[in-house]
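Visitor: Before we start, here is the structure in question, set down as structure tokens.
The values are calculated or read from the model by the stated rules, or taken from the named source; none is laboratory data. It should be emphasised that the depicted structure is a prediction, and the values quoted were computed from it without experimental measurement. Here the Cβ positions follow ideal geometry from the backbone for every residue, glycine too, while neighbour counts run over all protein chains shown. SASA here: full protein model, heavy atoms, side chains in, ligands and nucleic acids out. Shrake-Rupley method; radii C 1.70, N 1.55, O 1.52, S 1.80 Å.
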Amino acid sequence: MIDRVRLEHFAATARRLEQERAAAAGTVERLLRETPRADWPALAEHAQLQTCGALERLGNLFADTLTKDPVHANAIAELAVAVAEGLAPDSYPAVILAQLRAHAWKDLGKALRFVGRNHDSISAFDTAEQKLDGHGALAHDRAIVRFNLAMSLQELERFNESLKLLVECKHVFRDHGDTRNVVLCGLAEGVLLQRLCRFREARERYLLLLASTRELDHESLAAIHHAIGFCSVELDDDADAEANLLHAISLYRRIAQPIQILNVELGRGRLFIRKGDANAGIAHLRPVRREFLRKGMHEEAGICGLEIVGALLLVGRTSAAEALARKIVREFTLAGLNTRAITALGYLSEAITARNAAPGLVRNVRDYILSLRTKPEREFRATHPTA
Amino acid sequence: MLPLQHEIESTASALYERRFALLAGVAAQLELPDEIAETLIDDVLLASLTQRSIEDLDAWLVAAFRAAARRYFAERRP
């Protein structure tokens with residue numbers, strides 16, 4: 001039996017949300033544009049932002065920005081958390097208030113993962129999940145939070161926990177008819193296999209995903225082709241790698257994802273070098289590195305630079321390799337990156353100066369720097385013999 | 001009330017009535033007590049107001065309601 005009071009409350013809430021969405025369109029962007037980022041925390045007190053519509057708008061802006069400018073996205077997410085937490089307990093129905101707070105924390109968790117603060121990101125996801133406690137109707141929202149938690153657990157190499165969560169979330173998404181997130185779970189499973197260096201299994205998982213899912217958006221398709229290309233590079237399947245990486249670039253271009261394009265181009269540069277064309281790899285990677293630097297992504301620029309250093313050593317251009325390695329040390333130092341990474345880079349520079357560095361040592365340092373994202377306290381050990 | 005607001009509210013009321021009936025049918029299958037069913041249906045319908053990218057909202061509502069009912073039964077289990 002329908003309770004008329006509940007029906008009227010629902011209709012009034014629906015109307016209110018539509019009004020807020022209309023009011024937020026343009027207003028949120030204007031406030032962010034007109035306020036220096038350092039002053040954004042004060043915006044949480046702004047009445048025009050203290051609505052569900054404004055929070056949804058912030059969420060959309062966050063999603064649009066995350067892969068293009070993670071630091072900017074992090075600032076948006078921090079603002080959204082401050083706004084959501086500042087809403088009065090009776091400002092919205094409890095179930096909607098829980099959603100607003102949980103998604104704000106979830107976005108902050110994603111941003112923290114993107115800037116490499118994985119432990120903090122897990123805390124943010126835990127908080128997001130707590131906001132949903134006691135709301136049985138929010139299983140889908142809970143799965144979205146837990147899917148993101150699974151991604152951060154992967155970054156911390158907690159692979160079994162991550163896989164368990166992914167399987168659980170995939171069921172919930174499938175139950176709710178959420179195809180996009182079913183695909184993202186499949187992708188995440190593939191990435192997990194890649195991290196375990198099980199490239200053939202990972203590639204098979206991606207191919208299965210392509211074959212079994214009818215309607216994939218451009219972003220998902222691009223991510224799948226990027227991943228297949230990456231696995232194919234590792235499996236020395238050059239033709240497959242090139243075709244899939246090019247396809248990924250074309251798709252990322254259509255949806256304007258410049259940082260993802262740079263990441264794919266980095267993969268193509270590695271492909272040239274692995275195929276034995278180090279000079280083509282160097283020529284390809286230099287503009288990619290410049291673009292990472294231009295965007296303030298010093299770690300990615302350094303990783304790209306190390307690929308170039310390895311290629312320079314392969315073609316006997318030792319002085320150029322040495323100069324670039326030292327330049328990367330300076331960039332890491334200026335950017336205040338992990339001092340252990342700087343120490344490892346310094347070791348590499350000295351080895352090159354002493355004409356005692358093989359490309360294997362460069363890969364050793366590169367892998368070590370990447371591992372610091374998940375284990376920032378790990379000590380560097382040169383596991384590859386010098387030349 | 002402005003005409004557009006009235007339209008949104010009328011549409012919302014009609015949607016509530018139709019979807020309440022859909023979920024009440026599921027509640028009957030699950031043998032949920034009426035009072036609990038009504039509370040869970042209301043929660044699920046309110047939660048659906050923030051779902052803007054789901055293509056088949058009826059399927060989403062049924063899944064959300066079933067999940068809420070499972071949780072209700074799990075919490076009552078000794």
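Visitor: Residue pairs, Cβ under 6 Å, 6 or more apart or interchain, first in region B:28-57 and among the acidic types (Asp, Glu), second open to solvent by less than 60 Å² (accessible area, probe 1.4 Å). List them.
Guide: From residues that are among the acidic types (Asp, Glu), the pairs are B:Asp43/A:Val95; B:Asp43/A:Ala137; B:Asp56/A:Gly177.
Visitor: Looking at A:Asp120 and the list (1) open to solvent by 40 Å² or more (accessible area, probe 1.4 Å); (2) in contact with a Leu (Cβ under 7 Å, 6 or more places away or on another chain); (3) farther than 21 Å from A:His72 by Cα, which single condition is not satisfied?
Guide: Of everything listed in (1) open to solvent by 40 Å² or more (accessible area, probe 1.4 Å); (2) in contact with a Leu (Cβ under 7 Å, 6 or more places away or on another chain); (3) farther than 21 Å from A:His72 by Cα, A:Asp120 misses just condition (3).
Visitor: Listed residues A:Leu184, A:Leu138; which is in a helix (DSSP H, G or I), within 14 Å of chain B (Cβ to nearest Cβ) and under 28 Å from A:Glu299 (Cβ atoms)?
Guide: Details: A:Leu138 fails: under 28 Å from A:Glu299 (Cβ atoms).
One residue alone meets the criteria, A:Leu184.
Visitor: Conditions: (1) open to solvent by 30 Å² or more (accessible area, probe 1.4 Å); (2) over 20 Å from the mean Cα position of the chain (by Cα); (3) farther than 30 Å from B:Val44 by Cα. A:Arg174 meets all but one. Number of the miss?
Guide: (3)
Visitor: Of the residues that make up region A:196-206, is at least one under 16 Å from the mean Cα position of the chain (by Cα) and assigned to a helix (DSSP H, G or I)?
Guide: Of all residues in region A:196-206, those under 16 Å from the mean Cα position of the chain (by Cα) come to none.
Scanning region A:196-206 turns up no residue that is under 16 Å from the mean Cα position of the chain (by Cα) and assigned to a helix (DSSP H, G or I).
Visitor: Does region A:186-198 include one or more residues that are farther than 18 Å from A:Ser371 by Cα and free of Cβ contacts under 8 Å to residues at least 12 places away in the same chain? Reasoning before the result, please.
Guide: Keep residues of region A:186-198 that are farther than 18 Å from A:Ser371 by Cα, which gives A:186-190.
Still in the list and also free of Cβ contacts under 8 Å to residues at least 12 places away in the same chain: none.
So far as region A:186-198 goes, no, none of its residues is farther than 18 Å from A:Ser371 by Cα and free of Cβ contacts under 8 Å to residues at least 12 places away in the same chain.
Visitor: Here's a follow-up. Out of A:Glu56, A:Glu85, A:Glu78, A:Glu34, which single residue is within 14 Å of another protein chain (Cβ to nearest Cβ) and of a type in the set (Asp, Glu)? So that I can check it myself, show each step before the final result.
Guide: On the way: A:Glu85 fails: within 14 Å of another protein chain (Cβ to nearest Cβ); A:Glu78 fails: within 14 Å of another protein chain (Cβ to nearest Cβ); A:Glu34 fails: within 14 Å of another protein chain (Cβ to nearest Cβ).
Within the list A:Glu56, A:Glu85, A:Glu78, A:Glu34, the selection yields A:Glu56.
Visitor: Keeping to region B:50-78, report how many residues are of a type in the set (A, V, I, L, M) and either surrounded by fewer than 21 Cβ atoms within 10 Å (Cβ to Cβ) or more than 8 Å from chain A (Cβ to nearest Cβ) (or both).
Guide: Looking only at region B:50-78, we keep the residues that are of a type in the set (A, V, I, L, M), and these are B:54, B:57, B:59, B:61-64, B:67-69, B:74.
Filter once more, so that each one left must be either surrounded by fewer than 21 Cβ atoms within 10 Å (Cβ to Cβ) or more than 8 Å from chain A (Cβ to nearest Cβ) (or both): B:54, B:57, B:59, B:61-62, B:74.
Qualifying residue count for the region: 6.
Visitor: Can you find even one residue in region A:152-167 that is part of a helix (DSSP H, G or I), within 14 Å of chain B (Cβ to nearest Cβ) and buried (at least 21 other Cβ atoms within 10 Å of the Cβ)? Steps first, answer last, please.
Guide: Within region A:152-167, the first condition is being part of a helix (DSSP H, G or I), and the residues that meet it are A:152-155, A:159-167.
Then keep just the ones that are within 14 Å of chain B (Cβ to nearest Cβ); that gives none.
For region A:152-167, residues part of a helix (DSSP H, G or I), within 14 Å of chain B (Cβ to nearest Cβ) and buried (at least 21 other Cβ atoms within 10 Å of the Cβ): absent.
Visitor: On the given criteria, is A:Val71 away from every other protein chain (no Cβ under 14 Å) and in contact with a Pro (Cβ under 8 Å, 6 or more places away or on another chain)? Walk me through it before giving the result.
Guide: Working: away from every other protein chain (no Cβ under 14 Å): yes; in contact with a Pro (Cβ under 8 Å, 6 or more places away or on another chain): no.
For A:Val71, the condition - away from every other protein chain (no Cβ under 14 Å) and in contact with a Pro (Cβ under 8 Å, 6 or more places away or on another chain) - is not met.
Visitor: If you don't mind, there's one more thing I want to ask. Give me the helices (runs of 4 or more DSSP H) completely within region A:1-116, filtered to those with at least 1 residues that are more than 30 Å from B:Pro33 (Cβ to Cβ) and of a type in the set (S, T, N, Q), ordered by residue number. Break it down into steps so the answer makes sense when it comes.
Guide: On the way: elements: A:4-34, A:40-43, A:52-65, A:70-86, A:94-114.
Fully inside region A:1-116 and qualifying: A:4-34, A:52-65, A:70-86.
Visitor: Also, I was wondering about something else. Just checking, which of A:Ile303, A:Ile282 is under 19 Å from A:Gln194 (Cα atoms) and open to solvent by less than 50 Å² (accessible area, probe 1.4 Å)?
Guide: A:Ile303
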